[in-house]
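So the structure is just underneath, and the comments pick up after that.
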Amino acid sequence: PCRTADRPLPGADIDDLKSYQADRAAFWRERLPGAKECVAFLIGRYGTEAEKILEIAEQDKRLMDPITEGAPNILAEVVHARECEMATNMEDVLHRRLSLSLLGVTVETIERRFNALADLLPT
């Protein structure tokens, strides 16, 4: 028998999504300016794991910046993918973790965004 059929994915153990999103948006609005706009998106994508991404951004507020125009993803997601999701390189982040390649975002776009923040990315 399948042991994972009824087990929630990591971050998906939320009983009331709308209440959880409202609570976390209020919490992060106090701690991280600009978080209100992206909390719902991050929770929708990562569930409770969104907290890790927001904590990364709290360490350096520049990571709240969008990766690219027209997408809700923030730079902290790239750091999270590298540190917590075992992404091995920017292509892995772009294609497999964030799926931004579907929007035409290139590795070069992400790398340009991080040039000034190179000290933040793990090697």
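Residues that are of a type in the set (D, E, K, R) and out of contact with any helix residue (DSSP H, G or I) (no Cβ under 9 Å at 6 or more places or on another chain) do occur in the stretch 112-122. Against the list (1) surrounded by 23 or more Cβ atoms within 10 Å (Cβ to Cβ); (2) among the small types (Gly, Ala, Ser); (3) in a loop (DSSP other than H, G, I, E, B), the condition Ala87 fails is (1). Against the test of being among the charged types (D, E, K, R), free of Cβ contacts under 8 Å to residues at least 40 places away in the same chain and in a helix (DSSP H, G or I), the options Glu69, Glu108 yield a single qualifying residue, Glu108.
Once the stretch 53-66 is narrowed to residues that are free of Cβ contacts under 8 Å to residues at least 40 places away in the same chain and surrounded by fewer than 18 Cβ atoms within 10 Å (Cβ to Cβ), the residue that is nearest to Leu103 (Cα to Cα) is Pro66. Against the list (1) part of a helix (DSSP H, G or I); (2) modelled with pLDDT under 90, the condition Ala50 fails is (2).
Only one of (1) assigned to a loop (DSSP other than H, G, I, E, B); (2) over 14 Å from the mean Cα position of the chain (by Cα); (3) under 27 Å from Asn115 (Cα atoms) is not met by Asp6, so which one is it? All conditions are met except number (3).
The values are calculated or read from the model by the stated rules, or taken from the named source; none is laboratory data. Everything quoted here is computed from the prediction, not taken from an experiment. So basically every Cβ, Gly included, is an ideal-geometry build from the backbone, and we count neighbours across all protein chains shown.
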